[in-house]
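Some notes on the structure that comes next.
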Amino acid sequence: MKKTAVLLTIISLLMLTSCSKDLTSVPDKTAEQISATYQIEKDVAYGTDSEQNMDIYLSKEAKSYGKNNYTIVFLHGGAYYLSDKREEERYIEPYLKKGLNVINMNYRLKRGIPMATTDLTNALNFLKANNNDYGLNLNNIIVTGFSAGAQIATNVGVSQNNSEYPNKLNSGIKITGVINFSGPVDGLDIVEKIFVDHDYELFSKAGNALFPSESYESKEKIAVYEPITYLDKNDPPIFIWHGGKDDQIPPETFVEFVELLNDEKDFVDYNPDGLHSPNETELNDSYKKIFKFLDDI
């Protein structure tokens, strides 16, 4: 009986792989084609707070992509203090051009990293509870983000197999990949000090709001929100973009994390002259690598 079940699973996987579309070979859609491909639901509430909302882009084509029928979940940056999902849509446009299902979500701001990080789990659990309305493949989720959003995505992505992580995903949810643009993976204490001590008042305010402590947060409590705490061989594949001249998230805070990655499944797109935010050329080049990365998962 067990052998039959295993055989059927293998056959199903082979069939899924054989009918998959390589994302690298899918031509980019025009604006008109994107409009015709998607049903878009704006500002869908996934919680009771006004900032807990998301835009859901439902593709008519995604189910035909086989194993590459990913559900992309993106979180914006802004030091957990400012910005909005609509301000960083350049990060989701490449996925829309490929015809993938996309979630572009907001999360609670100015209330610290712990609460903001919880909101990704809240959003995924909401999608699972309401998936009869959306028909998303929630066993094939790619979590991704820029800066603060990338930290949230990476932390949730690598902690899902760790019983000690406080925020639990419901059954039927599986994160199969992580894509991180300039998001902290280690050294959050260093990042906290950079922001708190910054000459620019807005940055300083953002730094003081990162954690509820009145002084610098303890390393022990910070570690809960550092992806390096949970990194192990069972984590989903990870793609990281970061710049060598990033003045917000120091490049040296990536070193230990990168050394622990697996060259066979993970990918590091390091740009020595890159700043915190990739420019248009860097971003376009990175997405070519990202779609190859997704094809290989």
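Bear in mind these aren't lab numbers, they're just calculated from the coordinates by the rules spelled out. Just so it is clear, the model here is predicted, and its values are computed rather than measured. Glycine gets a Cβ as well: all are built from the backbone with ideal geometry, and neighbour counts include every protein chain shown.
Just a few scattered comments:
- Considering the chain at the alpha-carbon level, its Rg and Dmax are found to be 18.8, 67 Å.
- Each label point was placed 7 Å from the Cα along the Cα-to-Cβ direction; for His276 and Ile190 their separation is 1.6 nm.
- Full-stretch length increase - Asp43, Asp28 - with 0.36 nm per residue and alpha-carbon distance subtracted: 2.8 nm
- Dipole magnitude for the chain: computed about the Cα centre from +1 point charges on Lys and Arg Cβ and -1 point charges on Asp and Glu Cβ, it is near 1540 debye.
- Among beta bridges from DSSP that stay inside the chain, the antiparallel ones total about 30%.
- Listed residue pairs exceeding 26 Å between alpha carbons, taken from Lys29/Lys233; Lys110/Lys193; Lys29/Lys110; Lys67/Lys289: Lys29/Lys233; Lys29/Lys110
- Normalising by residue count, the stretch 166-297 has a Cα convex hull of 136 Å³ per residue.
- Dimensionless Rg over Rh [the stretch 112-218; C-alpha; Kirkwood]: 1.04
- Centroid-to-centroid, using Cα positions, the stretch 166-181 and the stretch 29-99 are 17 Å apart.
- Net charge of the neighbourhood of Pro94, taken over other residues with C-beta under 10 Å away and scored Lys/Arg +1, Asp/Glu -1, is +2.
- Cβ crowding within 10 Å averaged over residues, with 97-107, 137-147, 263-273 ranked highest first: 97-107, 137-147, 263-273
- Selected from Ser182, Asn68, Ile228, residue furthest toward positive end of dipole (the chain; charges at beta carbon): Asn68
- For the stretch 184-256, alpha-carbon Rg over 2.2 N^0.38 Å: 1.19
- Normalising the average separation of contacting C-alpha pairs (under 8 angstrom, six or more residues apart) by the number of residues puts the relative contact order of the chain at 16 percent.
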